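Asker: What follows is a single structure, and I will ask about it in a moment.
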Amino acid sequence: MAKVLPFKGIRPAKEKCSRIAALPYDVYNREEAKVVVSKNPDSFLAIDRAETSFPDDVDTYDERVYKKAHDMLWDRIEKGDFVQDDKNVYYIYELIMDGRSQTGIVGCASIDDYINNVIKKHENTRADKEVDRIKHVSTCEAQTGPIFLAYRSNNTINTIVDKIKKTEPLYDFVAEDGISHKAWIIDSKEDINGIENAFGSMDSIYIADGHHRCASACKVGLMKREENPSYSGDEEFNYFLSVLFPDDQLMIMDYNRVVKDLNGLSCEEFKNEIAKKFDTLKESNTAVKPSKKGEVSMYLDGKWYLLNVKDEFKSDDPIKGLDVSILQNEILNPVLGIEDPKTDKRIDFVGGIRGLGELERRCSNDCVLAFAMYPTSINELFDVADAHLLMPPKSTWFEPKLRSGMFIHSIK
């Protein structure tokens with residue numbers, strides 16, 4: 001059963017929240033992060049990416065960078081930019097993008113649930129990508145970016161959330177990218193018990209986004225256990241900051257592919273290979289987008305093609321039946337020679353938030369071929385995770401992104 005606990009959150013002073021809240025650290029490269037922080041020194045990105053305080057010749061992963069992040073965080077808490085609630089509470093966090101709302105519970109999930117697969121994964125993690133956040137969390141003694149978790153919608157939680165959302169919000173602002181952010185505190189004993197018990201009745205919750213941050217938080221917790229062999233299990237390091245959303249409010253966007261060459265084939269030869277696996281539904285000079293599972297749009301030689309996978313290449317298997325798997329197994333690998341899309345430099349991935357125009361731009365710049373995918377569904381994600389399987393890389397793109405710095409969990 002899932003264990004999701006309330007906590008004494010560290011959060012921005014109300015008048016500071018809109019300037020502090022920042023997109024996740026990993027959506028920026030170093031130069032982009034420097035620009036953001038130079039324009040808004042209050043941005044939490046200054047702490048999440050503390051290398052922005054150093055000259056470019058200081059390595060991003062230098063120990064001084066993590067020490068700087070620690071000092072900035074706790075100095076700003078001491079200064080009053082942040083406040084800490086004096087008792088364990090949950091928070092409600094609502095994001096609105098293009099008129100669509102998703103509302104989650106902010107709480108702390110258990111590292112034991114992650115280890116025991118109550119918190120289910122659908123991606124592999126890479127140790128090298130975990131190291132940075134392990135150092136950041138352990139040095140700062142705090143988790144600053146929440147893990148995006150999903151659960152099957154629950155009536156008890158929905159009722160409590162709907163009631164609290166009728167009250168005055170703690171935070172209410174629209175970020176520069178047009179995303180609306182609101183938050184409330186759940187502090188009554190009855191509501192806290194109701195939410196904790198509701199999660200306790202669930203046998204599974206799921207990582208939607210943030211596999212590396214989740215793995216890093218858990219590894220820090222295990223390190224702390226080794227340092228404290230008489231730990232009780234109640235210490236804050238046994239839990240990690242999360243926002244948990246009901247499945248019926250989530251939208252997964254397409255995660256598209258661009259390819260740099262045709263593996264020695266001409267355009268006609270490649271289209272002949274496509275025709276063996278896909279039927280062409282439409283050919284167009286303007287962008288066409290897949291409208292259902294099994295459809296893929298292809299951009300090649302200045303034209304768009306709407307394709308539909310032939311029945312013999314479909315599958316009920318939770319992995320083989322994914323559109324991204326069919327494309328990989330039937331075209332990218334056997335025809336284009338892209339065996340491992342995680343490491344092959346001939347393929348790149350473009351989040352659906354960037355639109356089909358970005359695929360055309362890439363094909364006029366450094367690529368020759370693009371595929372626009374129909375989005376993986378949340379139920380497909382659940383099916384893969386429930387089967388203890390792993391999706392192909394870059395199968396899901398979630399929007400909107402959770403802001404960092406709005407909720408902080410101290411593990412001191």
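Readers should treat all values here as calculations from the given coordinates under stated rules, not as data from a laboratory. All values reported here derive from a predicted model rather than from experimental measurement. Neighbour counts run over all protein chains shown; Cβ positions are idealised from the backbone, glycine included.
Asker: What angle do you read, to the nearest 10 degrees and between 0 and 90, between the alpha-carbon axis of helix 189-200 and the longest principal axis of the chain?
Answerer: With both axes taken from Cα atoms, the answer is about 40 degrees.
Asker: OK, next. Given a Förster distance of 45 Å, report the FRET efficiency between LYS310 and ASP86 from their Cβ-Cβ distance, rounded to the nearest 0.05.
Answerer: 0.15
Asker: Which one, TYR61, TYR299, TYR171, has the greatest fluctuation when you compute a Gaussian network model over the chain with C-alpha springs under 10 angstrom?
Answerer: TYR61
Asker: Once you keep just the Cα pairs under 8 angstrom separated by 6 or more residues, what percentage relative contact order results for segment 255-374?
Answerer: 44
Asker: Same structure, new question: Compute the label zone of ASP279 within segment 301-345: residues whose backbone N is under 15 Å from the point 7 Å along Cα-to-Cβ.
Answerer: 306-314
Asker: Now for a separate question. Suppose R0 equals 35 Å; then what is the FRET efficiency for LEU389 and LYS79 from their Cβ-Cβ distance, rounded to the nearest 0.05?
Answerer: So, using R0 = 35 Å, E works out to roughly 0.15.
Asker: Also: At GLU176 and ARG152, where each label point lies 7 Å from the Cα along Cα→Cβ, what is the point-to-point distance in nanometres?
Answerer: A separation of 4.2 nm, rounded to one decimal place.
Asker: As an exercise, identify the trypsin sites (Lys or Arg not before Pro) in segment 260-306 lying in DSSP coil whose Cβ has no more than 11 other Cβ atoms within 10 Å.
Answerer: Hits after loop and neighbour filter: LYS292.
Asker: Right, here's the next one. Going by how many other beta carbons lie within 10 Å of each one, how would you line up ARG257, ARG126, fewest first?
Answerer: ARG126, ARG257
Asker: Let me make sure I get this right: for segment 255-374, a, b and c are the square roots of the gyration tensor eigenvalues over alpha carbons, sorted descending. Under 1.5 in a/c it's rounded, otherwise prolate if a/b > b/c, else oblate. Which is it?
Answerer: Cα axes put segment 255-374 in the rounded bin.
Asker: Could you tell me how many degrees, from 0 to 90 and to the nearest 10, lie between the Cα long axis of helix 267-277 and the main elongation axis, the longest principal axis, of the Cα atoms of the chain?
Answerer: Helix 267-277 and the main axis of the chain meet at about 70 degrees.
Asker: For the pairs LYS34/LYS271; LYS135/LYS320; LYS289/LYS320; LYS163/LYS320, flag any whose C-alpha to C-alpha distance is greater than 32 Å.
Answerer: The pairs that break the limit, which is 32 Å between Cα atoms, are LYS34/LYS271; LYS135/LYS320; LYS163/LYS320.
Asker: How far, in nm, would the chain grow between LYS165 and GLU227 when pulled straight, counting 0.36 nm per residue and subtracting the alpha carbon separation?
Answerer: Taking 0.36 nm per residue and subtracting the Cα distance, the gain is 18.2 nm.
Asker: Sticking with this one: Which order results if HIS212, HIS122, HIS70 are arranged by neighbouring Cβ count within 10 Å, fewest first?
Answerer: In order of increasing Cβ crowding within 10 Å: HIS70, HIS212, HIS122.
Asker: In addition: Given Cβ point charges of +1 (Lys, Arg) and -1 (Asp, Glu) and nothing else, what value in debye, to the nearest 20, does the dipole of the chain about its Cα centre take?
Answerer: Magnitude of the dipole: close to 440 debye.
Asker: A further question follows. For the chain, find the longest principal axis of its Cα atoms and tell me its angle to the long axis of helix 211-227, 0 to 90°, nearest 10.
Answerer: Relative to the chain, helix 211-227 is tipped by roughly 40 degrees.
Asker: Gain in length, ARG19 to ASP57, computed as 0.36 nm per residue apart minus the alpha-carbon separation, to one decimal in nm?
Answerer: 10.9 nm
Asker: For the pair ASP366 and LYS129, how long in nm is the line joining their label points, each one 7 Å along Cα→Cβ?
Answerer: 1.8
Asker: Give the peptides 332-345, 9-22 in descending order of average Cβ contacts within 10 Å, highest first.
Answerer: 9-22, 332-345
Asker: In addition: Among the chymotrypsin sites (Phe, Trp or Tyr not before Pro) in segment 195-241, which ones are in a DSSP loop with at most 13 other Cβ atoms within 10 Å of the Cβ? Mind listing them?
Answerer: Listed in order of number, the matching sites amount to none.
Asker: Between (1) 67, 51, 43; (2) 61, 46, 43; (3) 100, 54, 53, which entry matches Cα extents along the principal axes in Å as derived from the coordinates of this structure?
Answerer: Step by step, Cα extents along the principal axes in Å for this structure corresponds to label (1).
Asker: So for MET1, MET223, MET298, fewest C-beta neighbours within 10 Å to most, what's the order?
Answerer: Fewest to most other Cβ atoms nearby, the residues stand as MET1, MET223, MET298.
Asker: Applying 1/(1 + (r/R0)^6) with R0 = 22 Å to the Cβ-Cβ distance of SER38 and ARG354, what FRET efficiency is obtained, to the nearest 0.05?
Answerer: 0.35
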